[in-house]
């Protein structure tokens, strides 16, 4: 459960007594809020190290390690494939207000259109609706893919609503189809991959593909049709909005850009049921491993080197299987958004860039105290800074006593 940024802002203003101490502007508050959240989040990892040194207790709801793990849980991301950062489709998002590059396959249904409206949370998205007689309205792109690589097609749904039939209420899940098909062929035996999802507002859906050469049997590339749309069995006037339609290579090298701490890297060999942990080694150790007849990396004992913040190199580099990783992500920057009404900033929760704190609900007091400290320093008001500091010290002593 996230923490309302507006609740924190109002508490900070009330405690700071803005009429006498100075006004904390929204811009200042957002800077302080980001700094406070990062400090609290970073402290989790030092606290885990500290509490690992002392015995816990048998009451899970008051065990410090248990509580810290619970606070970090919402930031954990598991079983992630390593995707290249290079987008392969002509247009994967629709901020420009157009869907250039996509071919309309809606038939006599309303043509695809780009909207940012209340239904889709004001996220600029591509809308499809089946309001004509033709089945399964969709859009597609043709693209040349390598037959020696893997790819992932991903869609993000910003709004989905199946229209009601007579005497029924509409549902919040919609039949979505995603397919990747070699052009000039038909049928599943010719390399077509088709998948069906019951899509919901805010959902993300994936389709993985390993292209094959369906023409001569010895070609390094093949042209495929990437197609997404509504299933033909849905009710009339059902609507779906796509905020993203993306195709990227699974390169087993590139890590997510929002990694804060990298966890396990796991390799599942083709035909195996259970994954093998890939051991991390330093660059200096890599040479020794490769030269050692006993420790040399193999399919059953792979290793990796951290190449950069967002990439790793895995050995042996001929692994034939599935590689995934777990990590703890960076918290999103909180933002208090507003409209100016009669010269005053009034909270606007519906703004597209509004962001609550992602920290655990139990951290609301700590956020208020830390922001007060930062605000007091900024305004050169020792009383405000001291008030925030005293409250924080009391909170920490209570937690560690």
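Numbers for the structure displayed
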{"quantity": "Antiparallel bridge percentage (DSSP; both residues within region 254-329; nearest 5)", "calculated": "90 percent"}
{"quantity": "Förster-model FRET efficiency, 56 Å R0, residue 49 and residue 233, C-beta, rounded to 0.05", "calculated": "0.55"}
{"quantity": "Efficiency of FRET from Cβ geometry, residue 148 and residue 74, R₀ 35 Å, rounded to 0.05", "calculated": "0.40"}
{"quantity": "For region 103-250: rounded, prolate or oblate by the Cα gyration tensor [a/c cutoff 1.5]", "calculated": "prolate"}
{"quantity": "Label-to-label distance, nm, for residues given as residue 111 and residue 332 (7 Å Cα→Cβ offset)", "calculated": "3.3 nm"}
{"quantity": "Whole-angstrom gap from region 319-355 to region 83-148, using each part's C-alpha centre", "calculated": "24 Å"}
{"quantity": "Förster radius 35 Å - calculated FRET efficiency between residue 301 and residue 183 (Cβ-Cβ, nearest 0.05)", "calculated": "0.25"}
{"quantity": "Segment residue 287-residue 95, length gained on full extension (0.36 nm per residue, minus Cα span)", "calculated": "64.4 nm"}
{"quantity": "Peptides ranked, highest mean first, by Cβ atoms within 10 Å: ranges 326-336, 344-354", "calculated": "326-336, 344-354"}
{"quantity": "Prolate/oblate/rounded label for region 254-329 (Cα gyration tensor, a/c 1.5)", "calculated": "oblate"}
{"quantity": "Amide N proximity, region 288-327 versus residue 269 label position 7 Å along Cα-to-Cβ, cut-off under 17 Å", "calculated": "294-304, 315-324"}
{"quantity": "Distance between modelled label sites at residue 362 and residue 348, nm, 7 Å Cα→Cβ extension", "calculated": "3.7 nm"}
{"quantity": "Added length on full extension, which subtracts the Cα-Cα distance from 0.36 nm per residue, residue 4 to residue 172", "calculated": "57.9 nm"}
{"quantity": "Surface/4 of the Cα convex hull for region 36-138, nm²", "calculated": "12.3 nm²"}
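Read-outs throughout are calculated quantities, based only on the coordinates presented, and are distinct from any laboratory measurement. The shown structure was predicted, so the numbers you read here are calculated from the model rather than taken from an experiment. All Cβ positions, glycine included, derive from the backbone under ideal geometry; neighbour counts span all protein chains shown.
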